Each structure stands twice: as structure tokens, then as C-alpha cells.
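First up is the structure itself, then whatever we jot down about it.
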Amino acid sequence: MTLATIGEVRPREAAKVAGRVVAVRIEPKDAAPQFTAQIDDGTGRIDAVFMGRRAVPGIEPGAHVSVEGTVCASQSLPRIFNPRYELLTPA
């Protein structure tokens, strides 16, 4: 799949984007496990949401990653649930 910018992704379409993790969010222990990484590529931000997990090795603020999956619309940022991901070396 061809790499796209976050600013050009559209809901209900498959996309592969890359950028830097700018924030992570982990749901509290009394909620269902969910780990969210917010990714920025300079054209926009997208949430990569990993259901059933409280951590994803290597995904932390400052890490460069690519994620791939179907984009879902949300009230704030577009999201990709349970994406395929790859850790990248910064350019």
C-alpha cells in the first residue's frame, strides 16, 4: 500500500501513514484495555487505537511509526483501530 499523508486520509478507506508519536493514552485499570497512540506527520494527526492492550512495545512518545488499516471518523481525530504497524528509523 502506498504511503499517504494524514491530511489526505478519508473515513472508511484503507490507508497507510507514517509519523511521530506525540502522545499515548492508556485506559484506567477499571476500564476495558485500550492503548491509543496519537501520530503527527506535519499535515495532521491520527489516533492508532490498539484494543485489548495496555502497551505496545516500541510505541512511545517520540517514536517514528507507520500504521495501516481502515480509517474511522470520530469527533476529534480520525482513528485506525488495531492497525498493522512498523517502527521506523527517524530520517
May I ask you to list the residues in the range 1-10 that are open to solvent by 50 Å² or more (accessible area, probe 1.4 Å) and either in a strand (DSSP E or B) or in contact with a Phe, Trp or Tyr (Cβ under 8 Å, 6 or more places away or on another chain) (or both)?
-> L3
Within the range 65-91, the count of residues that are assigned to a loop (DSSP other than H, G, I, E, B), closer than 16 Å to V24 by Cβ and open to solvent by less than 70 Å² (accessible area, probe 1.4 Å) comes to 2
Complete set of residues in the range 1-10 that are within 17 Å of V65 (Cβ to Cβ) and either in contact with a strand residue (DSSP E or B) (Cβ under 6 Å, 6 or more places away or on another chain) or of a type in the set (D, E, K, R) (or both) | M1, L3, A4, I6, V9
Residue list for the range 11-44, restricted to those being within 13 Å of G69 (Cβ to Cβ) and open to solvent by 60 Å² or more (accessible area, probe 1.4 Å) | P11, R12, E13, A14
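The values are calculated or read from the model by the stated rules, or taken from the named source; none is laboratory data. Small disclaimer: the values here were computed from a predicted structure and weren't measured. Note that we place each Cβ from the backbone using ideal geometry, even for glycine, and neighbour counts take in every protein chain shown. SASA here: full protein model, heavy atoms, side chains in, ligands and nucleic acids out. Shrake-Rupley method; radii C 1.70, N 1.55, O 1.52, S 1.80 Å.
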